[in-house]
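Quick one: the structure is below, and I'll ask about it shortly.
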């Protein structure tokens, strides 16, 4: 009987949590925004020189910390120095697949007049703020020592672990972090390994993640956090929809060998290599390979998107902006902005186990009519600029802020709840989180 009572309590708690999500969605409907790269910003002491802040009514108020420079512009300089730059003062944030953190930082440093359709407004007084943004370049910090060219002493080599520790030490000294244990703070961690050393110390915050592949259920959830798109590395397709110039049936260019769910890639290579109308080959993020991928994606009907080391990968977003219909083979993938995007209209989902049956994928795709491909392309073209372009004035950045804004009712609930609850040692996660997908994907055409 006690077990039954416990089950009923858990079910009621989870039901209450789901009601809260529905309330949050209703509460924020007024926040829906109306339907060239940003200029270099002059960063001094972690802030952008010349930025002004203007208030607007009915928008969520966000305070952006003036972090010590080592966590913003200092990381940019370390990246340049590690690649042999002799004048790091002229360095700019480099392009890479998780550079959404830069666009969010740059967005909050623009004048309010330049932030078209944004559902948030930056405030200068933290006492007025409803949310706090921590502009740490966590993903770029991971890349500083990748392929480092300089031979220097170990104590002079940049350490991402040290940077993470120092960031959290700094945060934990701040009044507004301590006030609510970071629950009303927003931190970008787009790279699956970003903040991995300190995740348990920042897990109360709203995390901007590419997927949940490297976080535990008690660290990240669909209710608390926001799934953000990768920054695409392929040029968007500017032509009209059609299949006449798309002679390749199925394309994949990427790393063949990955860990965890990405092991499927090697199996797919063995299965599809040499198949008619199929291009599947190794590719990297080099400029030469990106140019080749650009041409290939613009001339292919379908683009294969298996899991990487984690459920998501940059190639999906390259395919979307190329109008190359994504074929997603990642049973645990979470996708950005899924409250407003029906991905079945822009992509084909195939169970991993089905994709490994000889002939299954190619027979499935050859059975898709030209009319259906054109429908996919039309839907893709409609969503690209607003949801998957970070450089658009009313694009992906605004959608991320909209998603963050929708978390505010839950944040307030959890803050007030924390104040009255006695701390407990739980053997299982409570229903204050909604875990990621626990079901297989469903094939759709």
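Of all the residues that make up segment 336-355, how many are under 20 Å from the mean Cα position of the chain (by Cα), surrounded by fewer than 15 Cβ atoms within 10 Å (Cβ to Cβ) and part of a helix (DSSP H, G or I)?
1
Somewhere in segment 92-108, is a residue over 22 Å from residue 192 (Cβ atoms) and touching a strand residue (DSSP E or B) at 6+ places or on another chain (Cβ under 8 Å)?
Checking segment 92-108: at least one residue is over 22 Å from residue 192 (Cβ atoms) and touching a strand residue (DSSP E or B) at 6+ places or on another chain (Cβ under 8 Å).
Yes or no, residue by residue, for (1) modelled with pLDDT of 95 or more; (2) in the same structural domain as residue 182 (by TED's automatic domain parsing); (3) over 20 Å from residue 110 (Cα atoms):
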{"site": "373", "(1), (2), (3)": "yes, no, yes"}
{"site": "377", "(1), (2), (3)": "yes, no, yes"}
{"site": "384", "(1), (2), (3)": "yes, no, yes"}
{"site": "398", "(1), (2), (3)": "yes, yes, no"}
{"site": "404", "(1), (2), (3)": "yes, yes, no"}
{"site": "407", "(1), (2), (3)": "yes, yes, yes"}
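Looking only at residues in segment 89-120 that are out of contact with any helix residue (DSSP H, G or I) (no Cβ under 8 Å at 6 or more places or on another chain) and part of a helix (DSSP H, G or I), which one is modelled with the lowest pLDDT?
Per the stated criteria, the residue is 90.
Among all residue pairs at least 6 apart or on different chains, which show Cβ distances below 9 Å where the first residue, located in segment 370-387, is buried (at least 16 other Cβ atoms within 10 Å of the Cβ) and the second is assigned to a helix (DSSP H, G or I) and at pLDDT below 95?
No pair meets every condition.
Any idea which of 287, 233, 265 is at pLDDT below 95 and not assigned by TED's automatic domain parsing to the domain that holds residue 334?
It is 233.
Follow-up question, since we're still on this one. Within segment 422-437, does at least one residue satisfy the condition of being at pLDDT below 95, under 16 Å from the mean Cα position of the chain (by Cα) and closer than 30 Å to residue 179 by Cβ? So that I can check it myself, show each step before the final result.
Residues of segment 422-437 that are at pLDDT below 95, as a first pass: 422-437.
Restricting the remaining residues to those that are under 16 Å from the mean Cα position of the chain (by Cα) gives 436.
Pick out the ones that are also closer than 30 Å to residue 179 by Cβ and you get 436.
Yes: segment 422-437 contains one or more residues that are at pLDDT below 95, under 16 Å from the mean Cα position of the chain (by Cα) and closer than 30 Å to residue 179 by Cβ.
What helices (runs of 4 or more DSSP H) completely inside segment 156-228 contain at least 2 residues that are over 19 Å from residue 313 (Cα atoms), in contact with a strand residue (DSSP E or B) (Cβ under 7 Å, 6 or more places away or on another chain) and in the same structural domain as residue 120 (by TED's automatic domain parsing)? I'd like the intermediate steps shown before the answer.
Numbers: elements: 160-171, 175-180, 199-202.
Filter on segment 156-228 gives 175-180.
Filtering segment 312-335 down to residues that are surrounded by fewer than 24 Cβ atoms within 10 Å (Cβ to Cβ) and part of a loop (DSSP other than H, G, I, E, B), which residue is farthest from the chain's Cα centre (by Cα)?
Going through the qualifying residues, I end up with 331.
How many of the residues in segment 278-311 are out of contact with any helix residue (DSSP H, G or I) (no Cβ under 8 Å at 6 or more places or on another chain) and outside any helix (DSSP H, G or I)? Talk me through it step by step, then tell me what you get.
From segment 278-311, those out of contact with any helix residue (DSSP H, G or I) (no Cβ under 8 Å at 6 or more places or on another chain) are 281-282, 284-292, 294-296, 298-300; that's our starting set.
Subsequent filtering for residues that are outside any helix (DSSP H, G or I) retains 281-282, 284-286, 298-300.
Selection size over segment 278-311: 8.
Is at least one residue of segment 66-76 modelled with pLDDT of 50 or more, under 25 Å from residue 290 (Cβ atoms) and within 26 Å of the chain's Cα centre (by Cα)? Spell out how you get there, then give the answer.
So in segment 66-76, the residues modelled with pLDDT of 50 or more come out as 66-76.
Those left that are additionally under 25 Å from residue 290 (Cβ atoms): 75-76.
Narrowing the set further to residues that are within 26 Å of the chain's Cα centre (by Cα) leaves 75-76.
Yes: one or more hits.
The values are calculated or read from the model by the stated rules, or taken from the named source; none is laboratory data. Since the model is a prediction, treat every value here as computed from it, not as a measurement. FYI the Cβ positions are ideal-geometry reconstructions off the backbone, even for glycines, and counts take in every protein chain you see.
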